[in-house]
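S.K.: Take this structure first; my questions come after.
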Amino acid sequence: MPELAPSDTELLDLARRVGECLQREHLSLATAESCTGGWIAKMVTDVPGCSAWFECGIAAYSYEAKQALLGVRPDTLLKHGAVSEETVLEMVSGALIHTGATVSVAVTGIAGPGGGTEDKPVGTVWLAWKRRGGYPRAELHQFAGDREQIRRQTVAVALRGIRGILTPR
């Protein structure tokens, strides 16, 4: 793997640190994943004892799944598409509304190798984080590499972002 794609060991270390923060603050996590297909949830469930702080993971690829499982509005998807700030914000909020978690992360993007457009090339990924009762934060990233590298980078940024909303800046 090129340097830009974190290793399994690095991702597991990030997941452990997320778990420590969540457990220390007595919070729980839900993930809402599209382009990562549950990889964030996989990494956090690789951490022994994660049941103390991990609520659930939702992998929602299709428009229908995003609507049914996360409450993304059909008009949001039609107007902005699945890979958009509007959609990821509804996904991250929906993960909290539809679960008992107190913290959520959502990702949606184009991991490739196909599916990119001039406006949204391969590697375009929107991420969002939210604490129950708080305001969501969204970020747009343009990752480089192949499908696995893009997904690995997304998982790393997602995990770092969870820690970012838990710890004072």
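S.K.: Among the residues of the stretch 38-66, which ones are within 16 Å of VAL105 (Cβ to Cβ) and aliphatic (A, V, I, L, M)?
M.R.: ILE40, ALA41, MET43, VAL44, VAL47, ILE58, ALA59, ALA60
S.K.: Restricted to the stretch 105-142, and to residues that are in contact (Cβ under 8 Å) with a residue 60 or more places away in the chain and part of a loop (DSSP other than H, G, I, E, B), which residue is surrounded by the most Cβ atoms within 10 Å (Cβ to Cβ)?
M.R.: Checked the stretch 105-142; the qualifying residue surrounded by the most Cβ atoms within 10 Å (Cβ to Cβ) is ALA111.
S.K.: Return yes or no: is GLN23 free of Cβ contacts under 8 Å to residues at least 24 places away in the same chain and either under 24 Å from SER93 (Cβ atoms) or in contact with a Pro (Cβ under 8 Å, 6 or more places away or on another chain) (or both)?
M.R.: Against the criterion (free of Cβ contacts under 8 Å to residues at least 24 places away in the same chain and either under 24 Å from SER93 (Cβ atoms) or in contact with a Pro (Cβ under 8 Å, 6 or more places away or on another chain) (or both)), GLN23 does not qualify.
S.K.: Mind checking whether some residue in the stretch 149-159 is outside any strand (DSSP E or B), surrounded by fewer than 16 Cβ atoms within 10 Å (Cβ to Cβ) and at negative phi?
M.R.: Looking for residues that are outside any strand (DSSP E or B), surrounded by fewer than 16 Cβ atoms within 10 Å (Cβ to Cβ) and at negative phi, one finds none in the stretch 149-159, hence no.
S.K.: Answer yes if at least one residue in the stretch 91-99 is part of a loop (DSSP other than H, G, I, E, B) and either among the small types (Gly, Ala, Ser) or closer than 27 Å to PRO6 by Cα (or both), and no otherwise.
M.R.: No: zero hits.
S.K.: Checking ALA32 against (1) farther than 16 Å from ALA138 by Cα; (2) outside any helix (DSSP H, G or I), only one condition comes out false. Which one?
M.R.: Looking at each condition in turn, ALA32 falls short on (1).
S.K.: Just to verify a result, which residue in the stretch 47-74, among those that are touching a helix residue (DSSP H, G or I) at 6+ places or on another chain (Cβ under 8 Å) and loosely packed, with under 14 Cβ neighbours inside 10 Å, is nearest to LEU12 (Cα to Cα)?
M.R.: By that ranking, first place goes to GLY49.
S.K.: Suppose the filter is modelled with pLDDT of 95 or more, part of a helix (DSSP H, G or I) and out of contact with any Gly (no Cβ under 7 Å at 6 or more places or on another chain); does VAL44 pass it?
M.R.: Criteria not met by VAL44.
S.K.: Of the conditions (1) among the hydrophobic types (A, V, I, L, M, F, W, C); (2) assigned to a helix (DSSP H, G or I); (3) touching a helix residue (DSSP H, G or I) at 6+ places or on another chain (Cβ under 8 Å); (4) in contact (Cβ under 8 Å) with a residue 24 or more places away in the chain, LEU77 satisfies every one except a single condition; which number is it?
M.R.: Tallying (1) among the hydrophobic types (A, V, I, L, M, F, W, C); (2) assigned to a helix (DSSP H, G or I); (3) touching a helix residue (DSSP H, G or I) at 6+ places or on another chain (Cβ under 8 Å); (4) in contact (Cβ under 8 Å) with a residue 24 or more places away in the chain, LEU77 fails exactly one: (4).
S.K.: Okay, moving on. Let me confirm something: among GLU86, GLU55, GLU25, GLU33, which residue is under 20 Å from LYS130 (Cβ atoms) and in contact with a His (Cβ under 7 Å, 6 or more places away or on another chain)?
M.R.: When all the criteria are applied, what remains is GLU86.
The values are calculated or read from the model by the stated rules, or taken from the named source; none is laboratory data. The model shown is predicted, which means the values in this text are computed figures rather than measured ones. FYI the Cβ positions are ideal-geometry reconstructions off the backbone, even for glycines, and counts take in every protein chain you see.
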